[in-house]
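To start, the structure under review is shown below, and the notes come after it.
The values are calculated or read from the model by the stated rules, or taken from the named source; none is laboratory data. As the structure is a computational prediction, the values presented were derived from the model and not from experiment. Ideal geometry is used to build each Cβ from the backbone, glycine not excepted, and the neighbour counts take in all protein chains shown.
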Amino acid sequence: MRYSVVERVRELAEKVREQVGKVIVGKVDIVDKLLVALLTGGHVLLEGVPGLGKTYLARAFSACLGLRFKRVQLTPDLLPADIIGTRVYNPKTVDFEFREGPVFTNILLADEINRTPPRTQSALLEAMQERQVTVDGITMKLPEPFMVIATQNPVEAEGTYPLPEAQLDRFLFRLIVDYPSRDEEVEMLRRKHVMGEVIDVDVVTSPSEVVKIIEELPRAVKVDEDVMEYIVDVVRATREHPAVMLGASPRASAGLLYASKAYAVVSEGRDYVIPDDVKALAFDVLNHRIILRPEYVVESYSRDRAWSYAAVRRVIDDVLRRVKPPR
């Protein structure tokens, strides 16, 4: 008997947690949200100080899913053609041939995305939104599934190019990677003492199966009208909050809906969305889509680290307190 898509996703989530857990200590919540993003066609910005295993996590995640993985180290001298590819002259055929860039993969790790200039950052816009690239007027589809996992260091500002709002809005989540607990760090050393940096995981699915799930999942999860209204009210409340200069866009509402549907299945195996799913994802979907007023940011600096996320978290928590969920 063929499993329903909900049962397949629930089983897949358990296997992915188990396999990634072989090499990554903790971070189960981030692993779940990476899977949610993949199954909704979204992209993820992983933000945290250096040395927290962001690249290692992305490699382990893609390896256990059997997906093609490529990594690009973004630097100030990188050109758009270095990412999407270019046409080169072949003297044997007396013609120009297209040479694919690293974007032609299933999971692209854009490492330190804010270290490359806006011209190169924008090369990813079409790929992230349309799942295609255009070179010399010729449009080429990217492999399916396709997902960008970008990393960013929030501490160092020198030599960086902040992502424009249009680029940030293309990311479904900005996930904050924090320091491990003491016990987690000790366990990490135990594993590295035995395995080193080797990523030894089993492949639990295939790209074709992931594509099938992406196609079938949206129709398999129910969302009541009052939950949709709740999502809209939460997003609209960010535009009206006194500490917010620019609130979240309608794309954030759609992203919160899609993510909540996948999260209901991945986290608890449910085929319906409840307000708690929306609350669980609100910070990750909204934290990079709102701009706080300068005076609120300056006031927050007196009690938080300049690069911390406490200020925007307080605003989103306040929004969730003000907007009453449906019963």
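Quick look at the values:
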| read-out | value |
| --- | --- |
| Some residue of the stretch 191-208 being surrounded by 12 or more Cβ atoms within 10 Å (Cβ to Cβ), touching a residue at least 40 places away in the same chain (Cβ under 8 Å) and closer than 24 Å to Leu286 by Cα | no |
| Residue count, the stretch 115-151 (criterion: of a type outside the set (A, V, I, L, M, F, W, C) and surrounded by 22 or more Cβ atoms within 10 Å (Cβ to Cβ)) | 4 |
| Residue that is out of contact with any strand residue (DSSP E or B) (no Cβ under 6 Å at 6 or more places or on another chain) and either modelled with pLDDT of 90 or more or more than 26 Å from Gly247 (Cβ to Cβ) (or both), where the choices are Glu130, Glu144 | Glu144 |
| Residues of the stretch 237-256 satisfying the condition of being crowded, with 16+ Cβ neighbours inside 10 Å and over 20 Å from Gln167 (Cα atoms) | Ala237, His241, Ala243 |
| Residues within the stretch 25-54 that are more than 25 Å from Tyr258 (Cβ to Cβ) and surrounded by 23 or more Cβ atoms within 10 Å (Cβ to Cβ), tallied | 0 |
